[in-house]
Amino acid sequence: MKYDFDVIPDRRKTNSIKWDVLDSEIPLWVADMDFDTAPEIKESILQRAQLGALGYAQTNAQWEDAYIYWWKTRYDFEIRREWLVFATGVVPAVSSSVRKLTTAGENVLLLTPTYNIFFNSIVNNGRNPVQCQLKYDGRNYEIDFDDLESKLKDRQTTMMILCNPQNPVGKIWPRETLARIGELCSRHNVVVFSDEIHCDLTEPGKHYVPFASVNETCRNNCIMAVAPTKTFNIAGLSTAAVVVPNENLRHKVWRGLNTDECGEPNAFAVQAAVSAYTGCAPWLDELLEYVWKNRRYAEEFIQQEIPKLKAVASDATYLMWVDVSATGMSGNEFAEKLRKKTGLYINAGNHYGAGGENFVRINLATSKALVQDALARLKSFVN
């Protein structure tokens, strides 16, 4: 391999949210990789910094071309230049769209368990989160479409936030499933905000389906949020985009982002995104191989060494969703006691809404050595 993912930077005492922990602790919680970003991205940032003047920035045709190129070559989806709007992050775009496109007191629908910060974007803006719990058969997650439609029919429900692929369960939604979601939301006048930040982080050989690529119905009624930040471990650079094919909807989203002052790039946001999408595909391909080796190792270890736990099979994200119900503890109790007794810091599943109460989430985007250490601690705690 060209890139060495076994060696990771020492991020302790560097103002890292993830690594602001005790020296004895291993933090495998927040969705933040431990790997060095791609060399081409680092070089682009260094070149920009060496210019010295770090004033106001703006997007350009090169930035648009980079997004267009990546989605065309990676997913065979043609994004039109005018569809793209810069955002400082997917979460700011979610919150801004909730404020601009819904009214206080209205409902925003979520498929749960799902990314916990969606709840903040809804509740903090005076809207009501409505949860449609995914059906789990012990192996796989599916949508309860009867429940979904009953909640979309409520005229107070005006937006659905979709996680595509689904975090934390790692589900890649098939095209036919996305088409059915799109048809139901269009029929009931519910706009779809599709968070696709984990789209590139899939099992080698598997690809996600961009929501706006499914059909005209989906394309005309969606806001698709994308970013290089999770993919290339540059979340601290605050760079993202929303793809909004519908002109009227795009205008509202653009107005919201600019009203909320989250529509302007910082000095490094444009260069980093362009570098990522035009020169770093080989780095990503090797990263995915490494992360999925970690996943397979962790799944086999849990199956053989910690049979009380059950790792849910996953096609996407570097996050492992683990059923801890056989221990007799909730996900919250399990995670708290695990950290206290072993120093392994992971996420409790109850944060992700209905259906997450008996689960925990473990971040596998780190060195194999740390994954091995973490699993040994997990085994000692459970057994």
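The values are calculated or read from the model by the stated rules, or taken from the named source; none is laboratory data. No experiment lies behind these values; they were computed from the predicted model shown. Note: ideal-geometry Cβ built from the backbone for every residue, glycine included; neighbour counts use all protein chains shown. These accessible areas exclude ligands, DNA and RNA; they are computed on the full protein's heavy atoms, side chains included. Shrake-Rupley method; radii C 1.70, N 1.55, O 1.52, S 1.80 Å.
Could you please tell me which pairs satisfy a Cβ distance under 8 Å, a separation of 6+ or placement on different chains, a first residue in region 1-18 that is at pLDDT below 95, and a second residue that is among the charged types (D, E, K, R)? Listed by first residue and then by second, the contacts come to Met1/Glu286; Met1/Glu289; Lys2/Glu286.
Taking the criterion of being over 26 Å from Glu196 (Cβ atoms), in contact with a strand residue (DSSP E or B) (Cβ under 8 Å, 6 or more places away or on another chain) and surrounded by fewer than 17 Cβ atoms within 10 Å (Cβ to Cβ), the only residue of region 334-361 that qualifies is Glu336.
When the residues of region 127-137 are filtered to those that are over 18 Å from Val191 (Cα atoms) and touching a residue at least 12 places away in the same chain (Cβ under 8 Å), which remaining residue is surrounded by the fewest Cβ atoms within 10 Å (Cβ to Cβ)?
This residue is Tyr136.
Just give me the residues in region 159-179 being surrounded by fewer than 18 Cβ atoms within 10 Å (Cβ to Cβ) and either in contact (Cβ under 8 Å) with a residue 40 or more places away in the chain or not in a loop (DSSP other than H, G, I, E, B) (or both), in sequence order. Matches in region 159-179: Arg175, Glu176, Thr177, Ala179. Among the residues making up region 281-309, those that are closer than 24 Å to Asp137 by Cβ and either touching a residue at least 40 places away in the same chain (Cβ under 8 Å) or open to solvent by less than 70 Å² (accessible area, probe 1.4 Å) (or both) are Trp292, Arg295, Ala298, Glu299, Phe301, Ile302, Ile306, Lys308, Leu309.
Scanning region 69-88 for residues that are within 20 Å of the chain's Cα centre (by Cα) and not in a loop (DSSP other than H, G, I, E, B), we see that the one that is nearest to Arg175 (Cα to Cα) is Tyr75. Do we find that Val192 is closer than 26 Å to Ser150 by Cβ and either part of a loop (DSSP other than H, G, I, E, B) or in contact with a helix residue (DSSP H, G or I) (Cβ under 6 Å, 6 or more places away or on another chain) (or both) in this structure? So Val192 fits the description; yes. Residues of region 244-266 that are more than 21 Å from the chain's Cα centre (by Cα) and open to solvent by less than 10 Å² (accessible area, probe 1.4 Å): Gly256 alone. When residues in region 101-111 are screened for being surrounded by 18 or more Cβ atoms within 10 Å (Cβ to Cβ) and either touching a Phe, Trp or Tyr at 6+ places or on another chain (Cβ under 8 Å) or over 17 Å from Glu196 (Cα atoms) (or both), 6 of them pass.
Checking the stated criteria, Gly205 turns out to be without any contact (Cβ under 8 Å) to a residue 12 or more places away in the chain, farther than 26 Å from Asp154 by Cβ and assigned to a loop (DSSP other than H, G, I, E, B). Among the conditions (1) farther than 19 Å from Asn246 by Cβ; (2) open to solvent by 10 Å² or more (accessible area, probe 1.4 Å); (3) assigned to a loop (DSSP other than H, G, I, E, B), the only one that Thr114 does not satisfy is (2).
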